[in-house]
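Participant: Let me give you the structure first, and then I'll get to my questions.
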Amino acid sequence: MNEPAMPRTRPSLLAQLALSIAIILIAISAYPARADDPKNSKISAACPTAADMDHQHLQGRWLAELQTPATTEGRTPPPPTTAVLQLGPHPELAQSVRGTTQRGSTTAQVSGDVDDGDLTLEESINGTNISATWTGRVVDGSCGKEIRGTWNNAHPTPPAPAVIPFVMRRQAGWQ
């Protein structure tokens, strides 16, 4: 006996659309992000190299230890002086930072930038004249969280040294 043949049915339009979207999503998820592009790499964003540092990486709270050298041969140097730097975006210079540094009871304004791993900050106690400069280098392998350099007093008064080595470390929290 001949049974009637079942009519061939086409998948519904909705099912075809769902299948097409699924294929597209699978294809997109299989496409790797470029690992050599620091803008697209989560690893480099979380751990910038010294050369990748820019003004945005400087924004936040930093703790600096300034190590005053001993004034006489054989004497133990005094304990380091601590400075807290609070840096944010500079309102007038797009690729720079501006903020304050607090050392003991002295507060000064600072502004500057980092370029290819080199830090330059200018410090002003009166808000007009440069009283000191911070020049340093982002430590390779520190993920942009440590900078070493020198604090240079623009108007040293003996016996205070004109140049003092510092280590700045990024503090967690305020961004």
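The values are calculated or read from the model by the stated rules, or taken from the named source; none is laboratory data. What you see is a predicted model, and the numbers here were worked out from it, not measured in a lab. FYI the Cβ positions are ideal-geometry reconstructions off the backbone, even for glycines, and counts take in every protein chain you see. Only protein heavy atoms, including side chains, enter the accessible area calculation; ligands, DNA and RNA are left aside. Shrake-Rupley method; radii C 1.70, N 1.55, O 1.52, S 1.80 Å.
Participant: With the condition kept exactly as written, say whether any residue in the range 133-144 is in contact with a helix residue (DSSP H, G or I) (Cβ under 6 Å, 6 or more places away or on another chain) and either farther than 23 Å from residue 51 by Cβ or of a type outside the set (A, V, I, L, M) (or both).
Facilitator: yes
Participant: Also, I was wondering about something else. I need a count of the residues in the range 136-145 that are part of a strand (DSSP E or B) and surrounded by fewer than 17 Cβ atoms within 10 Å (Cβ to Cβ).
Facilitator: 1
Participant: Output the number of the condition that residue 95 fails; it satisfies all remaining conditions of (1) touching a Pro at 6+ places or on another chain (Cβ under 8 Å); (2) polar (S, T, N, Q); (3) in a loop (DSSP other than H, G, I, E, B).
Facilitator: Unmet condition: (1).
Rundown of residues vs (1) assigned to a strand (DSSP E or B); (2) open to solvent by less than 70 Å² (accessible area, probe 1.4 Å); (3) modelled with pLDDT under 95, yes/no style:
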| position | (1), (2), (3) |
| --- | --- |
| 64 | yes, yes, no |
| 68 | no, yes, yes |
| 75 | no, no, yes |
| 78 | no, yes, yes |
| 87 | yes, yes, no |
| 99 | yes, yes, no |
| 108 | yes, yes, no |
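Participant: Quickly run through the range 146-166 and pick out the residues that are of a type outside the set (A, V, I, L, M), modelled with pLDDT of 90 or more and either open to solvent by 50 Å² or more (accessible area, probe 1.4 Å) or in contact with a Lys or Arg (Cβ under 9 Å, 6 or more places away or on another chain) (or both).
Facilitator: Matches in the range 146-166: 146, 148, 149, 165, 166.
Participant: Taking the range 113-128 as the region of interest, how many residues are on the phi > 0 side of the Ramachandran plot, open to solvent by 10 Å² or more (accessible area, probe 1.4 Å) and of a type in the set (Gly, Ala, Ser)?
Facilitator: 1
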